[in-house]
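To start, the structure under review is shown below, and the notes come after it.
The values are calculated or read from the model by the stated rules, or taken from the named source; none is laboratory data. Only a predicted model underlies this, so the values are computations on that prediction, with no experimental measurement involved. Cβ placement follows ideal geometry from the backbone for every residue including glycine, while neighbour counts extend to all protein chains displayed.
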Amino acid sequence: MGKFSSIIDVPIKAKEKDILNVAVHVKALEKFLRRADTPLTVAIQGEWGSGKTSFMNQIHEGLCGENGEFIGIWTHAWEYAIWGTPKDILMNMMQGIITDIEREAKAFGNSLDMSEAFHMVRSMFFHVARIGAQAAAAQLGATTAAETLFREEEKGSTIKVLNDALSKAVEQSLKVAKGKKGFIFFIDDLDRLDPVVAVQFLELIKNIFELEHCIFVLAIDYDVVVKGLKPKFGARTEENDREFRSFFDKIIQVPFSIPISSYDLEKYIGNSLKEIDFFQSNELQKKLKLGDASFIPGVSGNVVPVSKLIAAITNYSTGANPRAIKRMLNTLSLIDIIQEELREEKKKSLLQEVETEFGLYEKLVCFCLVSLQIAYPAFYNLLLSKPMFIGWDEEFARKRGYRVLTEEEKTSLTEYEEFDEDWERFIFRACQSSSYLKARSNSISSIFNILRGVILSTAQKAPAEGDSEDDLQKQEEEIIEKAIRNGLGMASVTGLKSSEDQEEKNTYTRIRYESLEDFEKTVEGNLSESFHLFLDVKKRFDEKFQEGFIKYEYSKNKIAVKIANNKTYNTNIVKIVLRTNGKLKIVDFDDKVYTLDRSSTEISDQKWDKYIRYFNEYSENDVELPSAPESDAEASPAQQ
C-alpha cells in the first residue's frame, strides 16, 4: 500500500533526494557562480512546471546555506503580483529587496557605517519614488520603465545616486558579514507577473541593482516574459525576433535552460507510481511482448519492460515536465481508488470473491488514455466519438472536417512507420489543424501504436484454422474497441469536457481544404441548400472578376473570397458562411453583414461597385476592372 494517494505539487527542497538526476548540473552552476565576476545576472529558463524553483532551491542551499559563501535573498514575485497596480508591484518588489538586504546583513552584526548606508538607501528610494509617483509604470513605449519611474525632475534624484547608495550599503554589509563574497538574489516566478511588468522589473534590475558583489538568479519562462516587449517592438515575428533577444542579452549574461532531457524519467515516474500504489514493483519489472516495440526508445526486440513502456508513454504525452506528470499521477490514483471501491461493492452484493478487473493490462490501457486526456484532449475526444481507432478512415476524417492530404503528402507519409497505415494518416490529418498538435504528430501516433500493442499483447486469441485476413482484422477491431470502451469508462470521471470542447472548437476555425471538391465532400445534409446557393454566388464572382484575379479559401462551413495578388494584408473581399437554414451570411471587407436566400439571391450593383473599387485599390494586377459610378449606397432592405 502506498504511503499517500497523491503526489503534491511543491518544489523539491534543498536536501531532498535527487529524483530528477540534475545533481551534476546543479554542482556545475554552483561552481560557475563561485568563480564568477560581478555584477552578473543568470536566467534559469524553463516552461511552466519544469522544475525551475526546485533547481534554484539546490543552488541556494549550496551557495547560501549554512557555511555558504554568499548571502541569499529570495523573492517570490507572485506574492507581489496579487495586489496593487503595476507601479505598486514594481515599487513593492524593489522595496522588499532593499529591506531583505538590510535584514540579512544585520543578522551578521550591525555597525554605524552600515546603518547610515541603509538610511541613505531608504531616503533616496522614497525620494525618487515620490518624484515618479505620477508615472504610468504599466505603459512601455519609447521611454524605459526605469526612466519613467525615476525621472530626473530634481537635482540628485537620478538612478545613479540610488545605485551608488546601494553599492555603498552592499560594501558595508560585507565588511560586517566577514567571509561572505557577496549577495545572490533569487527571483522566483517572474513569469507569473504580467509580462509588461516583468520586463519593467528586468530593466530596473539592470539600471539600479547592477552592483559589484551582486548576482541575480532569475526563474523565467522566456516565451512568456518576452510578450512584455510587444508594446516596445510590436508583435514578435521572425523579422524582429533579434530585437527581442537583444533586449534580454543586455540584461541576462548567462542563460541556463532546465535540463529536462537529463531527467531520469523511467526512475522518477516508476517510483511515483509505486508511491501512490498504482503499480507494484513486480508489475513494473514485468515484460510484455509487443507486436512492434519500435516505438519504445532504448528497446531491442519486441520484449519490453513495463517500466520502459510507461516512460515512453509519459515522454510522448506530458514529456518530462514534473508538474504535468504529477497531475497525471494524481488522476491515475483517483481512478485506481474508484475501481477499488467498485470491486468492494461487487463483493458485498455477490457475497463472494470477485476476480480483479483492474490488473496490469487494464492499468496500462488506462495509463495511455489518461495521458491522452491530459496532453491531447482533442484525441481523447475522438476516442469518445469512435473508440475503435484503427478504423479511423477517410469518411471519418471528412465528417470531422480535416484537411485532405495532397498526393505528395500521402506518398511521403508511407515512408514513416508512424503514418504508414490509414488510421495513422488520419492522426496526421487531425494534427494539421493546430500548430501545437502538428509539432507532436509523431508522439501522438506513437502513443496510439503503443496502446494498440498493449491491448493485443494480452487479449488477442490465436488465429483459428481457416481464419481469413478479414476475419483477423475484424477480431483485432473488436478486441481494441472493447478494451477502449472499458478504459474510457474508467477515465471519464477525470475528464474536463469544457476545455476539450473549446480546443476542438478552436481547431475547426483553422481547418483548410485544398479545393472546392474537397470542401463539398464535408458538407453535411443540413448545409446542402446553403452550399448550392453559394455555388450560384461563386458563379457571379467568377463572372465579375477575371480568372486568376481572385481565389477561394475553404474552411469549416466558411468560404473567404480573397484578392489573389494583393499589395498589403487587406486580402478578403467577403467572407461567406453556410447556414443550416439554407441561407448565406455575407460579411464584407468592412464588416458590413447581410444575408442571401433563394428569395433574394442577387448581390446589388452598389455592392459589386464597392467590391471592385476595393479590389482595384489593393490588387497588384495591372488590369483595372470596370466599375460603375462611385456610390455609397448600401444594399436593399431585403439584403440587410
Filter the stretch 319-336 down to the residues that are among the charged types (D, E, K, R) and more than 13 Å from L372 (Cα to Cα) and list them by number.
R323, K326, D336
Of all residues in the stretch 495-526, which are at pLDDT 50 or above, surrounded by fewer than 18 Cβ atoms within 10 Å (Cβ to Cβ) and in a helix (DSSP H, G or I)?
L516, E517, D518, E520, K521, G525, N526
If I filter the stretch 187-201 down to residues being at pLDDT below 85 and within 30 Å of N67 (Cα to Cα), which single residue comes out as surrounded by the fewest Cβ atoms within 10 Å (Cβ to Cβ)?
D189
Any idea which residue in the stretch 258-270 is surrounded by the most Cβ atoms within 10 Å (Cβ to Cβ), counting only those that are at pLDDT below 85 and of a type outside the set (A, V, I, L, M, F, W, C)?
Y263
If we scan the stretch 415-423, do we find a residue that is in the same structural domain as K308 (by TED's automatic domain parsing), within 30 Å of N557 (Cα to Cα) and among the hydroxyl-bearing types (S, T, Y)?
no
Return the residues of the stretch 284-314 that are in a loop (DSSP other than H, G, I, E, B) and either in contact with a Cys (Cβ under 8 Å, 6 or more places away or on another chain) or of a type in the set (S, T, Y) (or both); say none if nothing qualifies.
S294, S300
Go through I220, I184, I208 for me and flag whichever is surrounded by 21 or more Cβ atoms within 10 Å (Cβ to Cβ), of a type in the set (V, I, T) and over 24 Å from Q58 (Cα atoms).
I208
One residue is enough: does the stretch 274-282 have a residue meeting the conditions aromatic (F, W, Y), in a strand (DSSP E or B) and either at pLDDT 80 or above or not assigned by TED's automatic domain parsing to the domain that holds M124 (or both)?
no
Within the set of pairs 6 or more residues apart or between chains, which connect a residue that is of a type in the set (S, T, Y) inside the stretch 542-553 to a residue that is part of a strand (DSSP E or B) and modelled with pLDDT of 85 or more with Cβ atoms less than 7 Å apart?
Y552/I559; Y552/V561
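Matching residues to (1) among the hydrophobic types (A, V, I, L, M, F, W, C); (2) surrounded by fewer than 16 Cβ atoms within 10 Å (Cβ to Cβ); (3) not in a loop (DSSP other than H, G, I, E, B); (4) not assigned by TED's automatic domain parsing to the domain that holds I612:
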position	(1), (2), (3), (4)
S528	no, yes, yes, no
F531	yes, no, yes, no
F534	yes, no, yes, no
V537	yes, no, yes, no
D542	no, yes, yes, no
Q546	no, yes, no, no
K551	no, yes, yes, no
Y554	no, no, yes, no
A560	yes, no, yes, no
Considering only the stretch 96-122, how many residues are modelled with pLDDT under 80 and assigned to a loop (DSSP other than H, G, I, E, B)?
3
When residues of the stretch 73-85 are limited to those that are crowded, with 20+ Cβ neighbours inside 10 Å and not hydroxyl-bearing (S, T, Y), the one nearest to F216 (Cα to Cα):
I73
Say we look at the stretch 598-611 and pick out the residues that are touching a helix residue (DSSP H, G or I) at 6+ places or on another chain (Cβ under 7 Å) and modelled with pLDDT of 85 or more; which of these is farthest from N581 (Cα to Cα)?
W608
Among strands (runs of 3 or more DSSP E) completely within the stretch 569-616, the ones holding 2 or more residues that are touching a Pro at 6+ places or on another chain (Cβ under 6 Å), of a type in the set (V, I, T) and surrounded by 16 or more Cβ atoms within 10 Å (Cβ to Cβ) are none
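Any idea which of I374, I444 is modelled with pLDDT of 90 or more and among the β-branched types (V, I, T)?
Every option except I444 fails the conditions.
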Go through the stretch 477-491 and report how many residues are over 16 Å from Y376 (Cβ atoms) and at pLDDT below 85.
2
Any residue in the stretch 473-480 that is without any contact (Cβ under 8 Å) to a residue 40 or more places away in the chain and under 21 Å from S317 (Cβ atoms)?
no
